[in-house]
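So the structure is just underneath, and the comments pick up after that.
The values are calculated or read from the model by the stated rules, or taken from the named source; none is laboratory data. This structure is a prediction, so every number in the text was calculated from the model and none was measured. Ideal geometry is used to build each Cβ from the backbone, glycine not excepted, and the neighbour counts take in all protein chains shown.
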Amino acid sequence: MSILIISDIHANLAAFQAVLADAEGQWDIIWCLGDLIGYGPNPNECVDLLRQHKHISLSGNHDWAVLGKLDINAFNDDAQTAVRWTQSIITHETRMYLESLPTTLVQEPFTMAHASPRQPVWEYILDTYTAAINFGYFDTPYCLVGHTHVPVLYHQEEDQVVPYRPDYNYSIKFDHLRCIINPGSVGQPRDSDPRAAYALLDPDTLVWEYRRVAYPIAQTQAQMRNFGMPEKLINRLEHGW
Ligand code: ZN
């Protein structure tokens, strides 16, 4: 049994396709941690592609914003523009699917939350302090989150929390230590590495493998330009921020 762990596809079909091709034949089910849409040019195509595979998925803050469940004034101007554009183009079917998604799920021994177990839709776990607080908000040994678009693993070691950046040459075996793990973002990485990020998880042996794969960034950018999306959102993809 192997699980393809993905998050923050953000309507970037080329990135999502690259991840599926790179991991082909190596997984049995997809766990998606939310933000399927927002920012990128292919919201309907990305939702359709996810739904063609056996999967479970969470809803993220951008999914909520497009559905009108979040006040988009909390987003910056470019993100608001992307939300409005996405609202104008998603189909009834895409909307209904997104409406059906939960904000947290528990699949023992994992809790899943898009942003954080404390605030599943909105909080950013970007530092050890915020991670430490969040260890008090889930009951399972491990918690999977997305939202920051930065792959990282926080270990709870006695009275301190220690962050680990991914090493793509080695897999990680979870031990008795609790951890909060972020696979990074498929469609808009923000760790200065523009390649799509994802992970493979074997829930039986508890082995986790961080992965990156290059995708045709220019293809996504050209579509965004065609749709008149903000230059900043287009440019950031090639820089990975
Ligand atoms: Zn996101």
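Search region 14-45 for residues being part of a helix (DSSP H, G or I) and either of a type in the set (A, V, I, L, M) or within 13 Å of the chain's Cα centre (by Cα) (or both), and hand back the single one that is farthest from V207 (Cα to Cα). Step by step, filter region 14-45, then rank; the result is A14.
How about region 88-100: which of its residues are in contact with a helix residue (DSSP H, G or I) (Cβ under 7 Å, 6 or more places away or on another chain) and part of a loop (DSSP other than H, G, I, E, B)? Result: I90, T91.
Just the residues that are free of Cβ contacts under 8 Å to residues at least 40 places away in the same chain and surrounded by fewer than 24 Cβ atoms within 10 Å (Cβ to Cβ), please, taken from region 54-65.
K54, H55
Considering only residues that are within 15 Å of the ligand (Cβ to nearest atom) and free of Cβ contacts under 8 Å to residues at least 24 places away in the same chain, which ones fall in region 1-53? Within region 1-53, none qualify.
So in region 82-110, with the set limited to residues that are aliphatic (A, V, I, L, M) and free of Cβ contacts under 8 Å to residues at least 40 places away in the same chain, which one is nearest to L58 (Cα to Cα)? I'd like the intermediate steps shown before the answer.
First pass over region 82-110, keeping only residues aliphatic (A, V, I, L, M): 82-83, 89-90, 96, 98, 101, 105-106.
Within this subset, residues satisfying the condition of being free of Cβ contacts under 8 Å to residues at least 40 places away in the same chain are 96, 106.
Numbers: M96: 14, V106: 11 Å.
Across region 82-110, the extreme among qualifying residues is V106.
Whether any residue in region 66-80 is polar (S, T, N, Q), in contact (Cβ under 8 Å) with a residue 40 or more places away in the chain and surrounded by 14 or more Cβ atoms within 10 Å (Cβ to Cβ) is what I want to check. Scanning region 66-80, I find no residue that is polar (S, T, N, Q), in contact (Cβ under 8 Å) with a residue 40 or more places away in the chain and surrounded by 14 or more Cβ atoms within 10 Å (Cβ to Cβ), so the answer is no.
Exactly one of these conditions fails for P117: (1) over 22 Å from I72 (Cβ atoms); (2) loosely packed, with under 14 Cβ neighbours inside 10 Å; (3) in contact with a helix residue (DSSP H, G or I) (Cβ under 6 Å, 6 or more places away or on another chain). Give me its number. Every listed condition holds for P117 apart from (2). Scan region 173-206 for residues that are at pLDDT 95 or above, among the hydrophobic types (A, V, I, L, M, F, W, C), crowded, with 19+ Cβ neighbours inside 10 Å and more than 19 Å from I234 (Cα to Cα) and the total you get is 5.
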